[in-house]
Structure formats: C-alpha cells, structure tokens
Amino acid sequence: MADQKKGANGSVFISYSRKDKKFVKKLNDALDKEGVKAWVDWEGIELASDWRARIADAIQSSDAFIFVISPDSLDSKVCTEELLQGLQYNKKLIPILHRPRKPGQKVPKEISKKNYVYMRPEDNFKATLPKLVEAINTDLGWVQQHTKLLGQAVEWETKKKNSSFLLQGEELKEAEAWMANASIQTNRSILPVQAEFITTSRVSSDRRQRITLFGVTFLLALSIILSVLAFIARNDARVSQQIAQTNEALALQREQEASIAQAAAEANEALAERQTNLAQAQRSAALSQIYQSRPGELDTSTLLALDSWDRSPSFEAEDLIRSNVSLFPLPLAQMKQDGQIFNIEWSPDHQFFVTGNKSDEAN
C-alpha cells in the first residue's frame, strides 16, 4: 500500500524497483526525519483497478520526482511508465544512483543529462542526504506553485472545463505572474494545460467585469431616463418632444452597446482561438519531445513537431523538426528505368546489377 509522509519542505514521488525496497525504506525514513513528504508505492499492485490513477495522482501532487537508478529499475516497465508520467507533468527530476547499470544498458536521456545524487552502498548516505534535501527544496516556491496550478488545471479539465473551477481575483493575478516569470527564466516551463487554464481564467474574469460594468451603466442610464420622464411629466407641453428624444437616445445607446458587445465577443473568440492554437502547439511540441526518444517513433515525433509549427511557429518546434530531419535515413542512390522491370541480376563481382524489360533489353 502506498505510504505518504507529511513535512514542511517539498514533496517527492519515489520511483524504484522492488529489489531496491530495503534502500528505499531507509531513504523514505531519512526524508521523513528531514520533513520531506514522500510518496512510495510499497506493494505495487498493478492489477488494482485504480492503481494507475493513484500513481498518476501521486506524481501530479508531488513537487519532485526521484528515480532510483539500478539495473532493475532501468529494465522495469512500471518505472519507465512512472518516469514518462513525471516528464509529462514537467516534474523536477532528481536521479539517485544506487546501483550502477549493467554493461550496455541504456539510461533514458532525461535522466542521464541530470546531475546524479550518489547513494551507492559504498557512498556516505548520511553526508549525501543534505544534498538531496537541498535539491528537492531548490526554487521551491515556483515548483510548489507549478504543482498547485497543475492540480487545479487537471481538475478543471476533468470537470469538462466548468467555469466554476477557474481562477479569480488575487489567485488569478498570482498565477499570471507565475506564468510570466516562467517565460523569462531558464529551466522553467509551463504545461499547455496550465497555460490554457490561466488564460481561460483571465478571459472569464474580464467577461464578468464587462457584465458588471454593463449592469452599472444600464442602471445609471435607467436612472437618467426615469429622471427625464419625471421632468417631462411636469412639463405637459413638451412631453411628446421629450419622449421622442429620450427614445432616440435610448435606441442609440442600445445600438452602441450591441456594437460594443459584438466587438467584445469577436475579440474574445479570436483570443480564445489563438490561445487554443498556442496550447495545442505547446502540447504537440511536448509530445514530440517524448516520442523523439522512443525507438521507432521518429515519424510520430516529426508529425507532432510539424503540427506544433503549423499551429504556432516557435523555436522549439523548429529545433525539433531540424533534429528529427537530421536523424532520417538517406538513400544511397536513386535509379530510374522506363517501363516494367521483368528481371534483375548482380554482376559476378557484385559491383553492379542489370535489369531487363519485356523485350529482353538490358540496362
């Protein structure tokens, strides 16, 4: 059964092989003493109906993702799936080298490019632990906001994008500041679902403000109209003329309000379309990066990169396309012969080949 410890620092999800359970138990206890919240699946009951959902929720709600490197975890399908889930959620990845890989065994590039925390049997566990805690808590404020907004965005998406789950007020301002900060800082990126969630929250908030403003304007206009009508009642001789002028002014006001409402609706629709394209482009780029590292998925990665570029051109999509194109195999040579080929033979030294057509002519 999964075990979760609460602490005052960041939270982590630990992905490991069952053969390293003794070490992970020691690690979990040490993190608990340091006040770090850790989520560990001790039993790994894959057949449970909600097992995958519980794992996904645990990764989503954790601030960092610890991958315990050993020959068994590198071969584990479950560990690979957990790693992909963590990368999909853009979690801070912290690899711990516990047992070296076997000769020829591949390490995912997302892990190999990170700085390892060395906790091998011959390493000083107690001396290394503070370095691990420091890595977990680095840039903790931004990371925890990422975790919070990811949970809110996923819930909003799960609830069929119900507007009641959108951000408002100060919470929306904080989210927008967080997203703006990510655009100017290195090693900080947001997920498409987070960007869409924050942008949609702003559009909804602006719409509510416009409705409120319209209501105040309408009440003010109504108050003015009632005052005019009261004045007209006291001046019988000018009643007809005043009513006509008031009706004309009201009609003009309604026409202007209708024009403003139509313009606002068109602007919102255009903004929503741009934001949707941007979110979908970012999502395609993220998926392209994932598929780029999978054997046999280069075509899929390239199509996703092209889709991202088509929706919203970006340096990220361009780099993915260039990188994938450089990896495609090139033909050694191309030859052409008119008509159908009925026979083909190698020369005795295998340096050339000859083709024959239906008239027994050789080429």
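The values are calculated or read from the model by the stated rules, or taken from the named source; none is laboratory data. No experiment lies behind these values; they were computed from the predicted model shown. Positions of Cβ are generated from backbone atoms using ideal geometry, with glycine treated the same way; all protein chains shown enter the neighbour counts.
None of ALA281, ALA244 is assigned to a helix (DSSP H, G or I) and out of contact with any helix residue (DSSP H, G or I) (no Cβ under 9 Å at 6 or more places or on another chain) except ALA244. Which residue is farthest from GLN88 (Cα to Cα), if the candidates are limited to region 289-314 and must be polar (S, T, N, Q) and in contact with a Ser or Thr (Cβ under 6 Å, 6 or more places away or on another chain)? Result: SER308.
Restricting attention to region 159-170, the residues that are farther than 21 Å from GLU273 by Cβ, charged (D, E, K, R) and at pLDDT 85 or above total 1.
Just to be sure before I move on: is LYS102 touching a residue at least 24 places away in the same chain (Cβ under 8 Å) and either within 30 Å of LYS173 (Cα to Cα) or aromatic (Phe, Trp, Tyr) (or both) in the structure I sent? I'd like the intermediate steps shown before the answer.
Working: touching a residue at least 24 places away in the same chain (Cβ under 8 Å): yes; either within 30 Å of LYS173 (Cα to Cα) or aromatic (Phe, Trp, Tyr) (or both): no.
The answer is no for LYS102.
The C-beta contact set for region 59-81 (first residue part of a strand (DSSP E or B), second residue of a type in the set (Phe, Trp, Tyr) and surrounded by 16 or more Cβ atoms within 10 Å (Cβ to Cβ), distance under 6 angstrom, 6+ apart or interchain) comprises PHE65/PHE13; VAL68/TYR16.
Within region 167-178, being exposed (fewer than 14 other Cβ atoms within 10 Å of the Cβ), part of a helix (DSSP H, G or I) and of a type outside the set (D, E, K, R) holds for GLY169, ALA177.
The single residue among PRO95, PRO121 that is assigned to a loop (DSSP other than H, G, I, E, B) and either within 24 Å of VAL193 (Cβ to Cβ) or not assigned by TED's automatic domain parsing to the domain that holds GLY151 (or both) turns out to be PRO121. Could you tell me whether ALA56 is in a helix (DSSP H, G or I), at pLDDT 95 or above and surrounded by fewer than 22 Cβ atoms within 10 Å (Cβ to Cβ)? It is false that ALA56 is in a helix (DSSP H, G or I), at pLDDT 95 or above and surrounded by fewer than 22 Cβ atoms within 10 Å (Cβ to Cβ). For region 239-273, the candidate set comprises residues that are loosely packed, with under 12 Cβ neighbours inside 10 Å and charged (D, E, K, R); within that set, the residue that is nearest to the chain's Cα centre (by Cα) is GLU273. If the condition is being closer than 26 Å to ASN9 by Cβ and out of contact with any helix residue (DSSP H, G or I) (no Cβ under 9 Å at 6 or more places or on another chain), then region 149-179 contributes GLU170, ALA177. GLU155 passes every criterion in (1) assigned by TED's automatic domain parsing to the domain that holds ASP20; (2) within 26 Å of TRP178 (Cβ to Cβ) apart from (1). Search region 183-202 for residues being surrounded by fewer than 17 Cβ atoms within 10 Å (Cβ to Cβ) and outside any loop (DSSP other than H, G, I, E, B), and hand back the single one that is modelled with the lowest pLDDT. Per the stated criteria, the residue is SER183.
Scanning region 284-299 for residues that are surrounded by fewer than 16 Cβ atoms within 10 Å (Cβ to Cβ) and either hydrophobic (A, V, I, L, M, F, W, C) or assigned to a helix (DSSP H, G or I) (or both) turns up just one, ASP299. Quick check: anything in region 83-95 within 24 Å of GLN289 (Cα to Cα), in contact with a Gly (Cβ under 9 Å, 6 or more places away or on another chain) and of a type in the set (D, E, K, R)? For region 83-95, residues within 24 Å of GLN289 (Cα to Cα), in contact with a Gly (Cβ under 9 Å, 6 or more places away or on another chain) and of a type in the set (D, E, K, R): present.
Taking only region 342-358 into account, find how many residues are in a loop (DSSP other than H, G, I, E, B) and either surrounded by 10 or more Cβ atoms within 10 Å (Cβ to Cβ) or modelled with pLDDT under 75 (or both). Quick ask: steps written out before the conclusion?
Start the filter on region 342-358 by keeping residues that are in a loop (DSSP other than H, G, I, E, B), which leaves 342, 347-352, 357-358.
Checking the rest, the ones that are also either surrounded by 10 or more Cβ atoms within 10 Å (Cβ to Cβ) or modelled with pLDDT under 75 (or both) come to 342, 350-352, 357-358.
Qualifying residue count for the region: 6.
Checking the structure you have, find out if any residue of region 145-166 is surrounded by fewer than 17 Cβ atoms within 10 Å (Cβ to Cβ), touching a residue at least 60 places away in the same chain (Cβ under 8 Å), assigned to a helix (DSSP H, G or I) and under 16 Å from the mean Cα position of the chain (by Cα). Yes: region 145-166 contains one or more residues that are surrounded by fewer than 17 Cβ atoms within 10 Å (Cβ to Cβ), touching a residue at least 60 places away in the same chain (Cβ under 8 Å), assigned to a helix (DSSP H, G or I) and under 16 Å from the mean Cα position of the chain (by Cα). Of the residues that make up region 119-142, is at least one within 20 Å of TRP39 (Cβ to Cβ) and touching a Phe, Trp or Tyr at 6+ places or on another chain (Cβ under 9 Å)? Looking for residues that are within 20 Å of TRP39 (Cβ to Cβ) and touching a Phe, Trp or Tyr at 6+ places or on another chain (Cβ under 9 Å), one finds at least one in region 119-142, hence yes.
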